[in-house]
Amino acid sequence: MSIVTSKEMFKKAYEGGYAIGAFNVNNMEIIQGITEAAIEEKAPLILQVSSGARKYAKHAYLMKLIEAAIIDAEETAGFDLPICVHLDHGDTFELCKSCIDGGFSSVMIDGSHHTFEDNIKLTRQVVEYAHDHGVVVEGELGRLAGIEDAVNVSAEDASYTRPEEVEEFVAKTGVDSLAIAIGTSHGAYKFTAAQCTRNEKGILVPPPLRFDILEEVSKRLPGFPIVLHGASSVPQEFVKIINENGGKMPDAVGIPEEQLRQAATSAVCKINIDSDLRLALTGSIRQYFNEHPDHFDPRQYLKPARANIKKIVQHKLVNVLGCSGKA
Ligand SMILES: [Zn+2]
């Protein structure tokens, strides 16, 4: 099995009423934790790399680690793990081209900060090059609030996707999937306290996702795969572990998993999850350091951190995305 595009994955996900998890990767432990979960659950997988991750780890390291995960799946589990390698938030044609030339099977061109016309022009340019090389493309309409690596959008600059634009955008660009903004947000602080209510435990409850926009978009684009970014749930048990072990993350809040589960049964075929893995990793390491102040071997604290990544990914595959057993 080699690296595959998301075309077949999305087709089956759309028809089957589930979504594929797209998890961000930066290093070996994260890649291992995610792929071990996917192998155990026999789940199709998208590993995505942001431009920041590519700068941090370098393209070749990430590609070789992903190839190693595919070899490991074959050798240890006898399983052909289908992995799509995707560029998250490509912002220029040159970056997308470099990833396509370097073996990615999917790229996102995020022209959502441009005018509608310029977004179409840039996206079209990437689609032409990508399709010539057997690579698929994700575009974006509407802007998510929050911070993700180089992407930083304030709440005032954020905007929901306008359903009346989607048909023209897809027809003129030829994109294979479309990221839309329906109220998800990047990072671990998705909403300010003022945007939320508080439940009886004092935990922030965010405003619900705009399923009406999602429904209108999918009516206008029948059978077309939709993507949700910024879809971490920011599990409060991780935030608690971090805060109890020297961290300081007050009022970190995410998207409730029931809403993501609902989205996964609709036209949404790809759900991006990054912050939850960061929280699992950080919580685990903070707790380990607190409990073992004399330890200094990275393997000692990275091993439980990797196991925690596997656990949270497994939970997402089974209980949120519904893609367990679909590979
Ligand atoms: Zn994103």
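Structural remarks
- Restricting the search to strands (runs of 3 or more DSSP E) fully inside region 110-169 and requiring at least 1 residues that are touching a Ser or Thr at 6+ places or on another chain (Cβ under 8 Å) and within 27 Å of V234 (Cβ to Cβ) gives 136-141, 145-148.
- Residue pairs whose Cβ atoms lie under 9 Å apart, sitting 6 or more positions apart in sequence or on different chains, and linking a residue in region 214-226 that is surrounded by fewer than 22 Cβ atoms within 10 Å (Cβ to Cβ) to a partner that is of a type in the set (K, R), are G223/K11.
- Matching residues in region 166-200 - criterion: being on the phi > 0 side of the Ramachandran plot and surrounded by 22 or more Cβ atoms within 10 Å (Cβ to Cβ): G183
- Filter pass, I309 being more than 16 Å from the ligand (Cβ to nearest atom) and either loosely packed, with under 15 Cβ neighbours inside 10 Å or touching a residue at least 12 places away in the same chain (Cβ under 8 Å) (or both): yes
- Sole exception among (1) away from the ligand (no atom under 16 Å from the Cβ); (2) surrounded by fewer than 24 Cβ atoms within 10 Å (Cβ to Cβ) for R143, by number: (1)
- Among (1) within 22 Å of the chain's Cα centre (by Cα); (2) farther than 20 Å from V217 by Cα, the one test that T161 misses: (2)
- L221 vs. criteria hydrophobic (A, V, I, L, M, F, W, C) and touching a Gly at 6+ places or on another chain (Cβ under 7 Å): no
- Residue in region 80-98 that is surrounded by fewer than 16 Cβ atoms within 10 Å (Cβ to Cβ), outside any helix (DSSP H, G or I), at pLDDT below 95 and more than 16 Å from the ligand (Cβ to nearest atom) present: yes
- Restricting attention to region 20-41 and to residues that are part of a helix (DSSP H, G or I) and of a type outside the set (A, V, I, L, M), the residue that is nearest to R299 (Cα to Cα) turns out to be E29.
The values are calculated or read from the model by the stated rules, or taken from the named source; none is laboratory data. All figures in this text were calculated on a predicted structure; none of them were measured in a lab. Using ideal geometry, Cβ is built from the backbone for each residue, glycine included, and neighbour counts are taken over all protein chains shown.
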